[in-house]
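Working notes, beginning with the structure itself.
Every read-out reported here was derived from the displayed coordinates using simple, explicitly stated rules and does not represent laboratory data. Every value quoted in this text rests on a predicted model; they were computed, and no experiment measured them. No Cβ is skipped: glycine too gets one built from the backbone with ideal geometry, and neighbour counts run over all protein chains shown.
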Amino acid sequence: MRFLDAFFARHHIVTSFLDLSVASPNRRWAARESDRRFAKRPSWLFSGAQPTPTKSRHLLGSALFLALLSNPISGQAGTPESTSGSCEAHTFRYDDDCRGLASSVETLQGIDRLKYLPLDSDGKVWLTIGGEYRLKTEALDAPDFGVVSADKAYVAVGERFLAHADVRTQTGWRLFLQFSAATDVGRRPVERSFDRSAPDIAQGFVEIPVEIPKGTAALRIGRQELDLGDTRLVSPREVANLRLAFDMASALVHLDDADVLGFWGRPVVNKSGAFDDSAPTTESFYGITIKTRPTIVGSPVEVDTLLLGRNRAHASFFDATGPEQRRFAGVRIAGVRGAVDYSAAISYEFGHVGQSDISAYGISATGGYRFETARWKPRFGVDFGLASGDRNRRDGKINSFDPLYPNLGYFTDAPVDFPVNWIGIEPNISIEPQASILIKFGTDIHFRDSTADGIYASSGKVFVPGGLSDGSFADALAFAHMTWHATHRLQLDLGYVRGWVGKVVSTVHGHDLNYGVVAGLYRF
């Protein structure tokens, strides 16, 4: 209980949320899509000053209040009072396409006017302006299950501010520019590099159309986020304050029966100063992905084929150190058949680190059954993931699967485990009490794949070395998460995770943990 008291009392988050919610009992809500967070920039965001307790205490309530004032909630469930429904905000904001507003530009009101601004008299060139603000408070009472003495309990408050301008033309030429800024207070023992920054360029690229016989194609050059579909392997790092981007050249080809993406670039390293982010030459990432949509047993499915590569000037593992050339080959299939949804993927990594060969594999699968006509539309699901571990630290081979740029919040909100030498099984249940509310709860159970390899913290470093125990059970994380789309622009998230240590972690005196998160996201 002391953990919950500290989490909620420090910023009065639950009080502010309930005060605003109870004040309007007759509201109805609309929209759907799953990400997180929300509105209003404090004056200290760009000053470098730390927020006082008074400022941060009421920040979430003030942001929510202003968001609701600027966006009246529709009196009709599922029908937002805005034409922005034809210009939906996506997780990757470069996917927003507002050309459909051209015929109704005279009727746009308020902030929706920024979604379509004609730049010439005949509408062949237009500008879209958008942005988002996220405020996230999280508390963790035992980072790394209390194994690392330097890791202390913390309550962290983080903010993200994004603003973008997108110039498009009917001929396909395009310029996209996005700015970012972020703050982070209270994280211990140190802030992460991707949680705090003065204003910087998050994305900035030019898109050039290319004519091909059957389909469309474009060349995209500049800083950009990478969307490979399934975010387990290459994540936009949504759980952090600053998203992951690459200085990259990519080619996008859309055919009648396939989509092809080819790319080569370097990951951007975030720095705390203004306009100082860069992509070091010590690491490169490249590949090609092919998406097809065949029909199997009468149902359409998506099949993704991935061939990826990553080179690093230096990598360090238990039994190898030196330059790394890692190759990745994988196939993923996903589909829906009636009330059943499913996806499965298998991948293999090869290459070398120094003089040691890489031979590692990963497997993932999800499946669920939804009772569409039942009250609250419950879905019963199971998620599974396996990332191989090293079998022998002295054989000169690396069997540890590297998740490349992983989504650390894929299974639960808690930033606890890093998916290397890792087996995860998660039974879960989702319900929808309202069209705008999704609640999911379950238990994520983790084992080691190899007892010779260690257990890895969210930083990617080993916090339980291999060989100390012959056990495999690492930990179990029970979780509950609620997402509420309060309006078509405002999303609120509330999550809690309770973690229990298994035999392996208890060997090094680890103990149980609690994690909580409250977040708001406002998008326009």
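Taking 15 Å as the cut-off, the amide N atoms of the range 291-313 that come nearer than this to a point 7 Å along the Cα-to-beta-carbon line of Y348 belong to 306-308. Within the same chain, lysines fewer than 8 places from K397 are excluded, and of the rest, those with a Cα less than 23 Å from its Cα are K461. Potential lengthening of the chain between K503 and I129 amounts to 129.4 nm, from the contour at 0.36 nm per residue minus the alpha-carbon distance. Over the C-alpha trace of the range 384-524, radius of gyration and Dmax come out as 17.3, 57 angstrom. Give me the percent relative contact order of the range 296-339, please, defined on Cα pairs under 8 angstrom at least 6 residues apart. The value is 48 percent. Stretching the chain fully between V253 and S316 yields a gain of 19.0 nm (0.36 nm per residue, less the alpha carbon separation).
Under the combined filter of DSSP loop state and at most 13 neighbouring Cβ atoms within 10 Å, the range 420-524 retains these trypsin sites (Lys or Arg not before Pro): K461. Between A480 and I363, the contour length at 0.36 nm per residue exceeds the Cα-Cα span by 39.6 nm.
If you take the alpha carbon atoms of the range 264-310 and fit the smallest convex hull around them, that volume is 106 Å³ per residue. Each of H485, H511, H352 was scored by other Cβ atoms within 10 Å of its Cβ. Listed from fewest to most, they are H511, H352, H485.
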